[in-house]
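Q: Handing you this structure, nothing more for now.
The values are calculated or read from the model by the stated rules, or taken from the named source; none is laboratory data. Just so it is clear, the model here is predicted, and its values are computed rather than measured. When we count neighbours, we look across all protein chains shown, and the Cβ atoms used for this are built from the backbone with ideal geometry, even at glycine.
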Ligand SMILES: Nc1ncnc2c1ncn2[C@@H]1O[C@H](COP(=O)(O)OP(=O)(O)OP(=O)(O)O)[C@@H](O)[C@H]1O
Ligand SMILES: [Mg+2]
């Protein structure tokens, strides 16, 4: 997959002396507020994404992830705050930013009447890929999405996974410096998902900055250099996945199963010992189990299951919500 | 921080060679045309069929139907009168209808505009690109009635060559009008109000089938505000002889209509597309 990308030269000329070279962030949001009527979707958001990294944006439904992405393309205009994308102030100079940025939206918005190839051709035009490189750019994007064989199929006749791949290819047809991926792997089978992970990883390896929102913790753990946890419109935690886990969930987690009254009892005991807990369906998880006093361990008995803490624990502890 | 300067310094390098990004760019319009062209390649048969045959049928029906009762209207033979008048009807139908429905469907059902606006394309360019395409198509389709009339004995004249231009400006205005209504209607069914309440009277009281001065005085005066009337007058003069002063007025009215519609269509689309 990535061989296709690295083999071809960039379609849109890279701007040397840009963020990559100066260490200037690819995205900088400061104090960004976005309201829809009475609802504050983004609430004083500060977010900086250094050039060249993959940042995983995690957060429960309605946290404001998609709204943030729309602010970055100036399809939503912030009510307050400062927005800079690739060094361009947005929305004032957002057209420049959009020219060097690829967007893969959460909601499929391919043109169903057109073929896979036509969809890419239209966007190669819209992204101003120079005429002499257009055909190669479309071919590369098709290869990237493994759709070369299906390029003449109308989008409405493609499978859901193929459409998703085409959507991603469309956002990459001009070889952007920055890619916004809004839940890129929703609804894909495990095989295609891991292929896409390869692709996203390849992008990052090639120096492209990636901002990716996801609900799949595993996806973030595997791909993201850095994660930002968003809740109610602002960032509640930020750091490398391992560091976030260590900071907010500790090293080990003990999971106990039992009837509801027993779970409630365990929760009480753990809280009394100063350990955070969370419910996971039929069990209760005690975080920072490595710090569990021996007396509590005795009281809880031997039937707990010990496992390593993960990002999902952090997510639930910080946002108070469940993930998939 | 020197972000502003850095941004400025970078502009030239960031855009593809020879394409500085300005507020209004032909390259952006070309992107929308590429989209339209791809769709047109797929649907040209159906869209051309309706656009060409509908005015032709209407013309033949009226021509033969009324033509047997009315032989002359003023100085014109009836077939010549409606053959030129129907150009206006064709211009209206081939611009206002797609102007209403395409943008509504693309915005609300297909989310095509959302996708396009994530590229270096701004709302005013999207609007302009789409209506220029529609008006261009309309200016070709709308010649059909004149061609039919010529088959029935209308003499060719050099003035006929400007008909596409007259139609283009008229169609721009009506396509933009349609696009503006697409940002106002609460659902696609509400277009019925627009069609019955606006499009039908516009097409009836434009001097297409009968001269407006046969109408009661106040209707006659109100009809002067109908852009289609100016289009029909201009087309007749193009075929049978220009009247320079009046025709400049008609053309100015069409331009003013298109300009006004552009402003409100862009505003409406921006309100709907940029959150
Ligand atoms: N155009 C809009 N008009 C009104 N409210 C909106 C609009 N767009 C988003 N919202 C609201 O803003 C909040 C944040 O929505 P957003 O789509 O950004 O969340 P998200 O983090 O992407 O969620 P999800 O994980 O479900 O995709 C939600 O409460 C949503 O209802
Ligand atoms: Mg979302």
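Q: Given B:103, B:186, B:164, B:145, which one is assigned to a helix (DSSP H, G or I) and over 23 Å from residue B:58 (Cβ atoms)?
A: When all the criteria are applied, what remains is B:103.
Q: In addition: Looking at the range A:114-163 only, could you name the residues that are within 8 Å of chain B (Cβ to nearest Cβ), buried (at least 20 other Cβ atoms within 10 Å of the Cβ) and not in a helix (DSSP H, G or I)?
A: Passing the criteria: A:114, A:127, A:128, A:129.
Q: Hey, among the residues in the range A:70-88 that are away from ligand 2 (no atom under 16 Å from the Cβ) and buried (at least 20 other Cβ atoms within 10 Å of the Cβ), which one's farthest from residue A:177 (Cα to Cα)?
A: A:78
Q: I want to confirm something. Restricting to the range A:57-78 and keeping residues that are touching a helix residue (DSSP H, G or I) at 6+ places or on another chain (Cβ under 9 Å) and near ligand 1 (Cβ under 6 Å from one of its atoms), which single residue is nearest to residue B:124 (Cα to Cα)?
A: A:63
Q: Tally time: how many residues in the range A:181-209 are surrounded by fewer than 19 Cβ atoms within 10 Å (Cβ to Cβ), in a loop (DSSP other than H, G, I, E, B) and either within 12 Å of the chain's Cα centre (by Cα) or within 16 Å of ligand 1 (Cβ to nearest atom) (or both)?
A: 2
Q: Could I ask something else about it? If you go through the range A:31-43 one residue at a time, how many are within 14 Å of chain B (Cβ to nearest Cβ) and more than 10 Å from ligand 1 (Cβ to nearest atom)?
A: 2
Q: Would you confirm, using the coordinates I've provided, whether residue A:46 is at the interface with another protein chain (Cβ under 9 Å from one of its Cβ atoms) and surrounded by fewer than 22 Cβ atoms within 10 Å (Cβ to Cβ)?
A: Judged against the criteria, residue A:46 is not a match.
Q: Within the range A:274-324, count every residue that is farther than 22 Å from residue A:63 by Cα and surrounded by fewer than 16 Cβ atoms within 10 Å (Cβ to Cβ).
A: Of the residues in the range A:274-324, 18 are farther than 22 Å from residue A:63 by Cα and surrounded by fewer than 16 Cβ atoms within 10 Å (Cβ to Cβ).
Q: Next question, about the same structure. Would you please name the residue that is farthest from residue A:177 (Cα to Cα), looking only at residues in the range A:89-103 that are facing chain B (nearest Cβ under 7 Å) and buried (at least 22 other Cβ atoms within 10 Å of the Cβ)?
A: Among residues in the range A:89-103 that are facing chain B (nearest Cβ under 7 Å) and buried (at least 22 other Cβ atoms within 10 Å of the Cβ), the one farthest from residue A:177 (Cα to Cα) is A:95.
Q: Any chance you could count how many residues in the range A:21-64 are more than 18 Å from residue A:214 (Cα to Cα), within 16 Å of ligand 2 (Cβ to nearest atom) and without any contact (Cβ under 8 Å) to a residue 40 or more places away in the chain?
A: Result for the range A:21-64: 2.
Q: Now for a separate question. Just need a number here: residues in the range A:218-244 that are under 18 Å from residue A:308 (Cα atoms) and within 16 Å of ligand 2 (Cβ to nearest atom).
A: Residues that pass the stated criteria total 2.
Q: With the requirement that a residue be out of contact with any helix residue (DSSP H, G or I) (no Cβ under 8 Å at 6 or more places or on another chain) and either crowded, with 16+ Cβ neighbours inside 10 Å or at pLDDT 95 or above (or both), what does the range A:18-27 give you?
A: A:19, A:20
Q: Would you please list the contacts, defined by Cβ atoms under 8 Å and residues six or more apart or on different chains, that run from a residue in the range B:61-79 that is touching a residue at least 24 places away in the same chain (Cβ under 8 Å) and on the phi > 0 side of the Ramachandran plot to a residue that is surrounded by 10 or more Cβ atoms within 10 Å (Cβ to Cβ) and outside any loop (DSSP other than H, G, I, E, B)?
A: Hits for this filter: B:74/B:81.
Q: If we scan the range A:191-201, do we find a residue that is more than 13 Å from every other protein chain (Cβ to nearest Cβ), within 16 Å of ligand 2 (Cβ to nearest atom) and closer than 14 Å to residue A:223 by Cα?
A: Among the residues of the range A:191-201, not one is more than 13 Å from every other protein chain (Cβ to nearest Cβ), within 16 Å of ligand 2 (Cβ to nearest atom) and closer than 14 Å to residue A:223 by Cα, which makes the answer no.
Q: If you check B:212, B:232, B:219, B:263, which single one turns out to be within 16 Å of the chain's Cα centre (by Cα) and farther than 19 Å from residue B:146 by Cβ?
A: Criteria check complete, one pass: B:263.
Q: Consider residue A:244 carefully, then state whether it is in a helix (DSSP H, G or I) and touching a residue at least 24 places away in the same chain (Cβ under 8 Å).
A: Yes: the conditions hold for residue A:244.
Q: Now for a different question. Would you point out which residue out of B:97, B:109, B:101, B:81 is more than 9 Å from chain A (Cβ to nearest Cβ) and either at pLDDT below 85 or crowded, with 22+ Cβ neighbours inside 10 Å (or both)?
A: B:81
Q: Let me ask you something else. Residue by residue through the range A:210-225, note down the ones that are away from ligand 1 (no atom under 16 Å from the Cβ) and either in a helix (DSSP H, G or I) or surrounded by fewer than 24 Cβ atoms within 10 Å (Cβ to Cβ) (or both).
A: A:218, A:221, A:222, A:223, A:225
Q: List the number of the failed condition for residue A:106; all other conditions in (1) facing another protein chain (nearest Cβ under 7 Å); (2) touching a helix residue (DSSP H, G or I) at 6+ places or on another chain (Cβ under 7 Å); (3) touching a residue at least 12 places away in the same chain (Cβ under 8 Å) hold.
A: (1)
Q: Kindly establish whether residue A:291 is out of contact with any helix residue (DSSP H, G or I) (no Cβ under 9 Å at 6 or more places or on another chain) and under 16 Å from residue A:250 (Cβ atoms).
A: yes
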